[in-house]
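The values are calculated or read from the model by the stated rules, or taken from the named source; none is laboratory data. Keep in mind that what you see is a predicted model, and the values were worked out from it rather than measured. Methodologically, a virtual Cβ is constructed for each residue, glycine included, from the backbone with ideal geometry; neighbour enumeration extends over all protein chains shown.
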Amino acid sequence: MTDDSPRLLVAGALRRERERSGLSLTEAARRAGLGKSTLSQLESGAGNPSLETMWSLATTYGIPLARLLDAPDPGAAVIRLGEPPALASSTTDYVSWLLSASPPHARRDLYLISAQPGEVKESMPHPVGTTEHVVVGRGRVRVSWADRSEELSAGDYLRYPGDVLHTCAALEPDSLVVYVVETA
């Protein structure tokens with residue numbers, strides 16, 4: 001595996017999912033709020049997309065984010081901290097690693113999130129019927145959605161609708177959270 005393998009995996013997935021959706025490069029870029037040249041660079045493996053860009057494209061294509069990040073592998077897997085490619089937010093001190101993509105017979109993705117206090121990480125609504133599950137492994141975070149907000153500490157679990165605007169804010173340095181995103 002070369003250093004560019006994760007980038008090329010993402011590039012191929014972006015192109016495959018755009019073509020599967022039947023969208024032109026121009027139309028896909030418009031719907032995702034990107035420039036045509038930016039999407040072209042991402043599809044060629046020359047770009048380095050932010051977490052927000054990847055979520056926007058997944059939403060545009062009507063697919064879980066994991067389909068753009070992970071090649072399906074039905075076998076057992078051990079993933080060491082730092083091995084999967086990190087997706088950093090372009091707006092907050094927030095990093096996400098896809099740990100497990102949803103297999104074809106299920107609709108869930110598993111993420112490990114590292115977050116620092118500061119700006120709130122805002123996530124746009126996912127497809128209708130999406131549910132998010134959160135388990136805090138270290139630190140404290142505040143998760144908000146619709147008109148609700150919950151402060152969670154290490155060991156706490158939360159389930160909430162992911163098909164509405166939602167946010168996550170670290171309240172302590174080096175907060176570590178596991179997210180499961182289930183799509184209906």
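Might you let me know whether the range 138-156 holds any residue that is assigned to a strand (DSSP E or B), at pLDDT below 90 and either surrounded by fewer than 17 Cβ atoms within 10 Å (Cβ to Cβ) or not aliphatic (A, V, I, L, M) (or both)? No; the residues of the range 138-156 include none that is assigned to a strand (DSSP E or B), at pLDDT below 90 and either surrounded by fewer than 17 Cβ atoms within 10 Å (Cβ to Cβ) or not aliphatic (A, V, I, L, M) (or both). Just one residue in the set ARG138, ARG159 is under 18 Å from the mean Cα position of the chain (by Cα) and among the charged types (D, E, K, R); that residue is ARG159.
Quick one: is THR167 surrounded by 14 or more Cβ atoms within 10 Å (Cβ to Cβ), at pLDDT 85 or above and either touching a Ser or Thr at 6+ places or on another chain (Cβ under 7 Å) or not assigned by TED's automatic domain parsing to the domain that holds VAL10 (or both)? Yes: the conditions hold for THR167. Pick from GLU132, GLU122: which is modelled with pLDDT of 85 or more, crowded, with 17+ Cβ neighbours inside 10 Å and acidic (Asp, Glu)? Step by step, each of GLU132, GLU122 is checked, and only GLU132 is modelled with pLDDT of 85 or more, crowded, with 17+ Cβ neighbours inside 10 Å and acidic (Asp, Glu).
Each residue in the range 17-65 was checked for being under 21 Å from GLU182 (Cβ atoms) and either assigned by TED's automatic domain parsing to the domain that holds SER123 or in contact with a helix residue (DSSP H, G or I) (Cβ under 8 Å, 6 or more places away or on another chain) (or both), and 12 pass. In the range 126-139, the residues that are over 8 Å from VAL178 (Cα atoms) and in the same structural domain as HIS166 (by TED's automatic domain parsing) reach residues that are of a type in the set (A, V, I, L, M) and surrounded by fewer than 16 Cβ atoms within 10 Å (Cβ to Cβ) with C-beta atoms within less than 6 angstrom, at least six apart or across chains, in these pairs: GLY129/ALA184; ARG138/ALA154. Annotation: ALA88 fulfils all but one of (1) modelled with pLDDT of 70 or more; (2) closer than 19 Å to GLY137 by Cα; the unmet one is (2).
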